[in-house]
Amino acid sequence: MRTIKIGSYRNTIAGLALALLSVGLVGAQTVITPSKNKYTPAQDVELGRQAAAEVEQQLPILRDGDVTSSVGAIGRRLVDVIPPELRHPEFRYSFQVVNVREINAFALPGGPMYLNRGMIQRAHTEGEAASVMAHEMSHVALRHGTAQATKATKYELGTLAGAVLGAIIGGRVGSAVSQGTEFGLGTAFLRFSREFEREADLLGSQIMARAGYDPREMANMFRTIEKERGSGVPQWLSAHPNPGHRYDYIMREAQMLQVQNPVRDTRAFEQMQARLNQMAPAPTTEEATRSKAGRGTSRSPEDRPELGPPGSVAPPSSRDTTYTEGNLFRVSVPSNWRELPGTNAVTFAPEGAYGTEGGQSVFTHGVQIGVARNETHDLRTATDEFVDSLAGGNPNLSRPSGYDRTSIGGRNGLHAALSNVSDATGQQERIEVFTILLRDGSLFYVLGVAPRDRASDYQKTFRRVVGSIRIIE
Ligand SMILES: [Zn+2]
């Protein structure tokens, strides 16, 4: 991996001089201050390092010297103008291209950044590609991943790196269910709050201007990304939700910024794009991760060693066992279901109905109960976003045409039934979603999963489980 050193004294002093200069010139740019964070910068680095190792095993990194050095040059230009107060000497920004088609990019705590080949190819200009990098870099510099985890105080954070990966691979590629217990944490790390999105947009605009790029290119790039909406929410937007009026506030910020030493020679970028265009078309992320796991598209019994053969799963017991989960809720589930604790979620499933598939936790029968962060404080919107996040990259998951009213623990909630093709069995399954809002605005959800031919039996069990839930908060 390319590693770029930052935070030298020379850079810091140069950065400070630039910062003073820009205050003198414009004065009115939005001031962004980092949020509370109980982790140390060294922990950011460690989390990012672990996740990067897994990412590079799972995703096809494009090993092309010309492409990597061209992207690295843009990255270094941006890193050099990160405001001095947001530099962490431990951080190492690095830039890799992932050989997949979708417009997407993500950065891990401490600095490793991954840019999809599709994003670079679809950018109209170097500035547009730089804008995505400046936005991602701002999340890293502001330490948004661990700042969000800091807010998720109620829940054990478990293995953070695995969760980050769950969000990248599971959340976008796998089925709703394989996203599994890692959903909540993935949320904490890679699905940013609207507040943090706005901060990354604004700081990213400021970094762009100081690096010689017109920040209005960021607004344009987001329009390009929005146009991806043909097949549901584009990957990038599912991790970086639009805080609202994104285009307008970036354009307003841009008016307050002066582009310093504008980048005029973009031939290297254009040559790199031409080089990418000449290569064989990039696969989708799903195709790439499947072939990387050596599984092809057909499924054989060897693919699911821990899951029992179809039909071997015992029906739900009519007797219940009651569990108390942290200081949040109590629930009663059929006594022949096992408790599979996760991070921000817990799964209850019978023997033979859970296991791993391509490194992801999956279950074919049972319920998952968890908490997902959201910023809307509006149950309908939060539920829509939750379903979107389940469906991200999974064309087999149906979207609900509407919701029924339900209640959990005496609170008004929503319910919908979705159909899906199980990642584990390749068979049709039904997923029932129940949601309510918690007092802090988080979304509390229950997912009931069963094969379609058993769905009506399980429907009663899911209702019984949901009916037993008592919220303690
Ligand atoms: Zn973002």
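Tabulated data for the structure shown
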| read-out | value |
| --- | --- |
| Rounded percent of accessible protein surface that carbon and sulfur make up, segment 382-473, 1.4 Å probe | 42 |
| Residues of segment 195-267: accessible area per residue with a 1.4 Å probe, Å² | 43 |
| Net charge of neighbours whose Cβ lies under 13 Å from the Cβ of M279, counting Lys and Arg as +1 and Asp and Glu as -1 | +2 |
| Rounded FRET efficiency, nearest 0.05, which uses the C-beta distance separating R470 from Q255 and R0 of 51 Å | 0.45 |
| Potential lengthening between D388 and D404 on full extension [0.36 nm per residue; Cα-Cα distance subtracted] | 4.0 nm |
| I61 paired with Q428, simple spin-label distance in nm, labels 7 Å along Cα-to-beta-carbon | 4.3 |
| Amide hydrogen neighbours beyond the local backbone of A353, cut-off 5 Å, H modeled | G308 |
| Amide H contacts of F329 (H built 1.01 Å from N, under 5 Å, at least 5 apart or other chain) | I472 |
| Fraction of accessible area attributable to carbon and sulfur, segment 62-107 (%, probe 1.4 Å) | 47 |
| Nitroxide proxy distance, nm - points 7 Å out along Cα→Cβ at D457 and R49 | 5.0 |
| 12 Å beta-carbon shell around K460, net charge (K/R +1, D/E -1) | +1 |
| Two-site label geometry, T284 and A28: point separation in nm, points 7 Å out along Cα→Cβ | 4.6 |
| Length added when fully stretched, R275-R439, from 0.36 nm per residue minus Cα-Cα | 53.8 nm |
| Extension gain, T321 back to E339 (0.36 nm per residue minus Cα-Cα distance, nm) | 5.5 nm |
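The values are calculated or read from the model by the stated rules, or taken from the named source; none is laboratory data. Here the structure is a predicted model, which is why all the values come from computation and not from measurement. Quick reminder, even Gly has a Cβ in these numbers, built from the backbone with ideal geometry, and neighbours come from all protein chains shown. For accessibility, only protein heavy atoms count, side chains too; no ligands or nucleic acids. Shrake-Rupley method; radii C 1.70, N 1.55, O 1.52, S 1.80 Å.
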